[in-house]
1. Being away from ligand 1 (no atom under 14 Å from the Cβ), outside the structural domain of B:Arg597 (by TED's automatic domain parsing) and touching a strand residue (DSSP E or B) at 6+ places or on another chain (Cβ under 8 Å) narrows it down to one of B:Asp143, B:Asp125, B:Asp91, so name that one.
2. For region A:48-63, what are the residues that are closer than 30 Å to B:Asn376 by Cβ, within 7 Å of chain B (Cβ to nearest Cβ) and either touching a Leu at 6+ places or on another chain (Cβ under 8 Å) or among the aliphatic types (A, V, I, L, M) (or both)?
3. Does any residue of region A:25-44 turn out to be part of a loop (DSSP other than H, G, I, E, B) and in contact with a helix residue (DSSP H, G or I) (Cβ under 6 Å, 6 or more places away or on another chain)?
4. Please work out which one of (1) within 14 Å of chain A (Cβ to nearest Cβ); (2) charged (D, E, K, R); (3) open to solvent by 20 Å² or more (accessible area, probe 1.4 Å); (4) touching a residue at least 24 places away in the same chain (Cβ under 8 Å) is the condition B:Glu215 fails and give its number.
5. Looking at region B:126-162, which of its residues are within 12 Å of chain A (Cβ to nearest Cβ) and part of a strand (DSSP E or B)?
6. So which pairs qualify, if the first residue must be in region B:141-155 and modelled with pLDDT under 85, the second must be hydrophobic (A, V, I, L, M, F, W, C), the Cβ gap must be under 6 Å, and the two must be at least 6 apart or on different chains?
7. If you check every pair at least six apart or on different chains, which have Cβ atoms under 7 Å apart with a residue in region A:136-149 that is at the interface with chain B (Cβ under 7 Å from one of its Cβ atoms) and in contact (Cβ under 8 Å) with a residue 24 or more places away in the chain first and a residue that is assigned to a loop (DSSP other than H, G, I, E, B) and open to solvent by less than 60 Å² (accessible area, probe 1.4 Å) second?
8. Can you tell me which of (1) closer than 29 Å to B:Ala197 by Cβ; (2) open to solvent by less than 10 Å² (accessible area, probe 1.4 Å); (3) within 10 Å of ligand 1 (Cβ to nearest atom); (4) not acidic (Asp, Glu) is the one B:Ala239 doesn't meet?
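The values are calculated or read from the model by the stated rules, or taken from the named source; none is laboratory data. All values derive from a computational prediction rather than experimental measurement. Cβ: placed from backbone, ideal geometry, glycine included. Neighbour counts: every protein chain shown. SASA here: full protein model, heavy atoms, side chains in, ligands and nucleic acids out. Shrake-Rupley method; radii C 1.70, N 1.55, O 1.52, S 1.80 Å.
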Amino acid sequence: MSKKINLTLKVWRQPDNRTSGRFEVYPAQDIDTDMSFLEMLDVVNDELEKEGKDPIAFDHDCREGICGMCGCVINGQAHGPDAATTVCQLHMRRFQDGMTLVIEPWRAKAFPIIKDLAVDRSAFDRVISAGGYISVRTGAAPDAHAVPVPKDSADQAMDAAACIGCGACVAACPNASAMLFVSAKVSQLALLPQGQPERDQRVVSMVSQMDSEGFGNCSNHYECEASCPKEISIKNIARMNRELTRAGVRS
Amino acid sequence: MVLDSKVPSGPISEKWTKHKFDLKLVNPANKRKFEVIVVGTGLAGASAAASLSELGYRVKSFCIQDSPRRAHSIAAQGGINAAKNYQNDGDSVYRLFYDTVKGGDYRSREANVHRLAEVSVNIIDQCVAQGVPFAREYGGLLDNRSFGGAQVSRTFYARGQTGQQLLLGAYSALMKEVKRGGVELYPRREMLDLVVANGQARGIVVRNLVTGEIESHAAHAVLLATGGYGNVFFLSTNAKACNVTAAWRAAKRGAFFANPCYTQIHPTCIPVHGDYQSKLTLMSESLRNDGRIWVPKKEGDNRKPSEIPEQDRDYYLERRYPSFGNLVPRDVASRNAKDMCDTGHGVGSTGQAVYLDFRDAIDRLGESAIRSRYGNLFQMYEKIVDENPYKSPMMIYPAVHYTMGGLWVDYNLMSNLPGLHVLGEANFSDHGANRLGASALMQGLADGYFVIPYTLGHYLATHKVEDISTDAPEFKEVEKQAANRIEKLLNINGKRAVNEIHRDLGLLMWDKCGMARNESGLKDALKKIPEVREEFWNNVNVVGSPGSFNQNLERAGRVADFLEFGELLVHDALERAESCGGHFREESQTEDGEAKRDDENFCYVAAWEIDQDGGNPILHKEPLEFEEVSLTQRSYK
Ligand SMILES: Cc1cc2nc3c(=O)[nH]c(=O)nc-3n(C[C@H](O)[C@H](O)[C@H](O)COP(=O)(O)OP(=O)(O)OC[C@H]3O[C@@H](n4cnc5c(N)ncnc54)[C@H](O)[C@@H]3O)c2cc1C
Ligand code: FES
């Protein structure tokens, strides 16, 4: 059954990347527990707008947990308290009446803040552009059944490909490492026969781009896996390390 | 004005092949001289941008989101059709063509649909080569599932994330071209207007959503792949940023808008549960394979579903359509649910829902079998509704899902405005009055990978397109207009939030121009929409500055365009006094209450010309001729 709760929000407000930010306090009154977390922010924002005040900026789009656009840290947890859940799929029944929620953006050197809770994740695009693909021209593909793929490899590739690129792994990691994100793409393509020709070169250039973007190292905290809304496994990181070794030996 | 569809002559199965040969080519060295703007990075836009860059064109790619990978296509769940006939169950290009024309209730262009079916097979090859992890069987070959409106198994899928995987494939092709230097990315840019010079589409004016700057971009051709307009209803299954702005702005610059009233309402979505609701969530159509739909027989019966005995339940689809039962097409299932709720049989706290019950399937097959078929959907339902669908029936209600209407294009995907090409959900071309499941993904990728790479070259090779710079007065004028409009929005200083007025519009559209439409309701809507628009321009409060990251301003601009476009949609619905596919006019039904087409008077595409203010619509008709498929009345009894 839905009910109404009152909350206090402490939200990070920062006008842009050049200005420093600070927490501001907002009451969130009469919040229906059936609301999603983002709908709760909508309600707070509608009130701010009506008063002529600047609403809280936050990225979002699909609100179904698949586009990877949303994301913020709630009381220290990336995407909030529920496992395998993006903030757009988090519901207010998860919180108790009277609670205070501290809401912050992803914090990482490689993700500069744009405004309030919105950050710039273009570093991820540049890492993919460094090699996260199979170089096949449109029209040049053989029949889809020309190369069978063992079901197990296809399933594992799909597990890795489920990554939505939200950046929670980076935000949750004490070193702001992007290893989970990068390794998911490296794994997907390394597991498929189509990915073999560029396998060595791909991992080397993606990792080198990752390093140059200012992401930190992985020191096995596993926070990335715990925060991942799509349950991407840290096994991918181990696989990526093996791929790197393999590429090193072969070059 | 005569609308020339440019459909090639000859037998249907040879049209595209012949046309490809007849199209003029741009020689490889010259391609580099041409710049192409692609707005949108969904399946249609990303595949087009990547493929054109591979050919040697210089491409600029724009999207609203922070990365091209996040376009709305990412949310598609079920699958993508292709006439591979890997199942040996009698599928063929012709059958896919036939099913699609029939599914569209005979309101699409035959030649386009046939081409779509032809290239569908290449799409699957291309995606597999890119590393898209489609579901496979133990032998390592691709698996298929069945979808509505077809008697063969031709749907390819990647778990419940087919759209995501196809989009990531197209995105990877795009990023490969970014690396090569053929594509320049412009994320977090919103197209505010189209620039026309010398009667040709020559560029766009965008707002940089981070800095607020107004930028101009010039090119030799402009491609819009900006998706559908379902959010004119406020609540829909579309992502929040889906909008009509790019298409509407192009329409105001002279491109015709075709069949805006063709909107698809999906029968199985999670119902509205509060005024604060921001969007609706789809529950896959596959659930209707095992779920039984019912409502209490007695009006206003508010007992718990478990307390309502069998004799007090009305399994209305099974009763009304004994041969198709719960598997009637989307439009029929949706209208019946509405009918039940309108007559007081709806359930849930709002009375705007019907039950989708798995009790019998669980009794018959066991809970674990149901879990393995639909586990992720049940989990999503439970997360949103906080009720366990294994224990009590799901509550569902129809919701706006897809828009078949869009900018008018010819066989080459070019609008009536030379140089402006339109791809994917943003055009009107292939689905007629109703789209079959798993066909939108197919169309987006067909347009981008396999049609536009041929037809764009023909345009550039046969038209004189002079060089133009963004300093030209045409650009400066449009920039000024865009800036003025932003200024105007920020100076309204009223009392209401943008969302509130968008919701007002949505309720009105849903009420008068939703699942069922009639003359007096539509006329009433035509009176009321201008009032809501008035309220917006007098009483909304858009805060913040133009020169900053300002989401309030972004939303306001989109809603302002919906407020104009909504009127055209209703106008089209009023003009089309027949029922067809997703467009149900209560005046035009069979004796048993089914949609009744009027082929004599309405077998045409309605292409609307509007003026610079978005008003005074003038109707241009493109007659639809059916050479292959004969027109019949659909029946599912
Ligand atoms: C929940 C859901 C499930 C679905 N499931 C299926 C399915 O299983 N099978 C199927 O075939 N179809 C399905 N569909 C339909 C299908 O997903 C869409 O029709 C299709 O993906 C549209 O692709 P597109 O490339 O045309 O546009 P979109 O993917 O919508 O992309 C639009 C692009 O345009 C950009 N854009 C828009 N406006 C502007 C502007 N003003 N300025 C700059 N950029 C702009 C956006 O940023 C985005 O990049 C589903 C739809 C929904 C809502
Ligand atoms: S808004 Fe798309 S994942 Fe949350």
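1. Details: B:Asp125 fails: touching a strand residue (DSSP E or B) at 6+ places or on another chain (Cβ under 8 Å); B:Asp91 fails: touching a strand residue (DSSP E or B) at 6+ places or on another chain (Cβ under 8 Å).
Answer to the check: B:Asp143.
2. Here is the first cut: in region A:48-63, the residues closer than 30 Å to B:Asn376 by Cβ are A:58-63.
Filter again for within 7 Å of chain B (Cβ to nearest Cβ), leaving A:59-63.
Matches in region A:48-63: A:Asp59, A:His60, A:Arg63.
3. Yes: region A:25-44 contains one or more residues that are part of a loop (DSSP other than H, G, I, E, B) and in contact with a helix residue (DSSP H, G or I) (Cβ under 6 Å, 6 or more places away or on another chain).
4. If we test B:Glu215 against (1) within 14 Å of chain A (Cβ to nearest Cβ); (2) charged (D, E, K, R); (3) open to solvent by 20 Å² or more (accessible area, probe 1.4 Å); (4) touching a residue at least 24 places away in the same chain (Cβ under 8 Å), just (1) comes out false.
5. Here is the first cut: in region B:126-162, the ones within 12 Å of chain A (Cβ to nearest Cβ) are B:126-144, B:156-162.
Within region B:126-162, B:Arg136, B:Leu142, B:Phe156 qualify.
6. Pairs found: B:Phe147/B:Ala438; B:Gly149/B:Leu436.
7. Qualifying pairs under 7 Å: A:Val149/A:Leu192; A:Val149/B:Gly140.
8. (1)
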